[in-house]
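This report refers to the structure that appears directly beneath it.
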Amino acid sequence: MRHHTTFRQLEIFESIARLGSFTRASEELYLTQPTVSMQMKKLADLVGAPLVEQVGKKVMLTEDGRELAQASREIFAILDRFTMSVAQRRGLEKGKLKLMAITTASYFAPRLLGDFAKEHPGIEVSLRVTNKEQVLASMADNLDDLYLLGTPPEEIDVVATPIMDNPIVVLAAPDHPLARESRLPLERLAREPWIMREAGSGTRKAIERLFHEHRLEIQPRLELGSNEAIKQAILAGLGVSALSCHVLTLHQPDQFAVLDVEGFPIQRHWYAVYPAGRRISVVARAFLDYLLAQPGGAACAPASTSASTFASTTTDCGGGCGRRAGGPAIAR
Ligand code: PGA
C-alpha cells in the first residue's frame, strides 16, 4: 500500500473522515465529487478493505478507516512541524528585525540587540530610538517589529511582555548634603530643587504619580529633554532628579549619589510590545524569547531593598545602580 498511496488520497480521506461527507470534503479541497469518489475507491482497493460505509445520509468510518484516519493525521502533523522548522531556520538565517525603543531604553537596547545579532549574523537589525508620539505613529503604520517601552500605550490594543525591571532612583551629586541621610521622607525631597524630564516622559509621569499619591507636588527648577543633560545638571549642582537606574550604565563608581528616599526606587518594568492581532515574524519572536531568557541580576537593588524584588528579571545595569551596603547613598 505504502508505495502506491498518494498524499492527495490521504488528504481527501482525512477530510472525509473529519467532515463526515464526500460533498463537504470535495468543497473543502476544491475537487469535483466524482474525483473524490474515484480517489477513495482507489485508496480502498490499495488497503484491500472498505474504509467508509454509508449509514443513511452519513458517511461512517469502518474500523480500518478509523485507523487510517489517525495515521493520516499523524503524517500531516509531522509534515507541518517539518515545514515550520524549515521556515524558522530560513527566517533566522537571513531575516530582518526592526526595533523601536523609547528614549531611556537606549541605555540597554543596543547591547541586547548587539548580542542577539552576534548569535545570528545573517539577520539585518535596525534600532530607532524615539519618543512616545513616534512610537504610536509607527505602530499605526506597522513599521517596526517590536517596541521597547516603559509604559505600554493605552491608545492602541497591544500585546505587552515585561522583559526586565526598570527601577527609578533619586540621583544627586555625590557631595549633596542628603547623600549621607537615610530614609528621607518624600516631603523632604519635595522641597529640593528638581530637574525633570520633559512632559510626556514615562519617567516623569511615574515620579509625579508617586508624589501625587502622597498629596505632594514638586516644582521643577529645570526641565530637560534628555537623561544625559539631566545627569550633567545634577553634577553641576543644579538639583536632584529621579531617573531609571539604567541611565547609570557605564558610569564610574561614586559618580552619583543614589538618595535613600521613602517610596523609592519606584518599581517599573520594561516591556516588549507589538500591536495585538499582528503575527510577529520568526525573527521578532526569537528576539523576544532571547530577551526573556536573559539572566536576572540584583545590580539595581539598593541595600535596603530585598534583592528578590529585583532578581527575577533585572538586567545588569552595568554596576551603576546599587548602593553601598549600610553606608551613604552613593552609586557604585
Ligand atoms: P522615558 O522612558 O522617560 O524616556 O519616556 C520610558 C518610560 O520609562 O516609560
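The values are calculated or read from the model by the stated rules, or taken from the named source; none is laboratory data. All values derive from a computational prediction rather than experimental measurement. Positions of Cβ are generated from backbone atoms using ideal geometry, with glycine treated the same way; all protein chains shown enter the neighbour counts.
Couple of notes before you dig in:
- Top-ranked residue of segment 216-270 - restricted to ones that are among the small types (Gly, Ala, Ser) and in a strand (DSSP E or B), ranked as farthest from the ligand (Cβ to nearest atom): 257
- Residue satisfying condition, being at pLDDT below 95, surrounded by 13 or more Cβ atoms within 10 Å (Cβ to Cβ) and either of a type outside the set (Lys, Arg) or touching a His at 6+ places or on another chain (Cβ under 6 Å) (or both), within set 56, 20: 20
- Boolean, residue 118 is outside the structural domain of residue 150 (by TED's automatic domain parsing), exposed (fewer than 11 other Cβ atoms within 10 Å of the Cβ) and without any contact (Cβ under 8 Å) to a residue 60 or more places away in the chain: no
- Residue count for segment 237-262, restricted to those that are surrounded by fewer than 18 Cβ atoms within 10 Å (Cβ to Cβ), under 20 Å from residue 191 (Cβ atoms) and not acidic (Asp, Glu): 2
- Taken over segment 131-180, residues that are at pLDDT below 95, over 30 Å from residue 256 (Cα atoms) and within 13 Å of the ligand (Cβ to nearest atom) amount to 6.
- Residues within segment 279-291 that are part of a loop (DSSP other than H, G, I, E, B) and either in the same structural domain as residue 158 (by TED's automatic domain parsing) or touching a helix residue (DSSP H, G or I) at 6+ places or on another chain (Cβ under 9 Å) (or both), tallied: 2
- Qualifying residue in segment 19-34 (condition: in contact (Cβ under 8 Å) with a residue 24 or more places away in the chain and under 43 Å from the mean Cα position of the chain (by Cα)): yes
- Matching option when the condition is among the hydrophobic types (A, V, I, L, M, F, W, C), within 16 Å of the ligand (Cβ to nearest atom) and in a loop (DSSP other than H, G, I, E, B), among 199, 206: 199
- The single condition among (1) within 16 Å of the ligand (Cβ to nearest atom); (2) charged (D, E, K, R); (3) farther than 21 Å from residue 109 by Cβ that residue 191 does not meet is (1).
- Per this entry, residue 15 is not counted among residues that are of a type in the set (Gly, Ala, Ser), assigned by TED's automatic domain parsing to the domain that holds residue 77 and over 22 Å from residue 75 (Cβ atoms).
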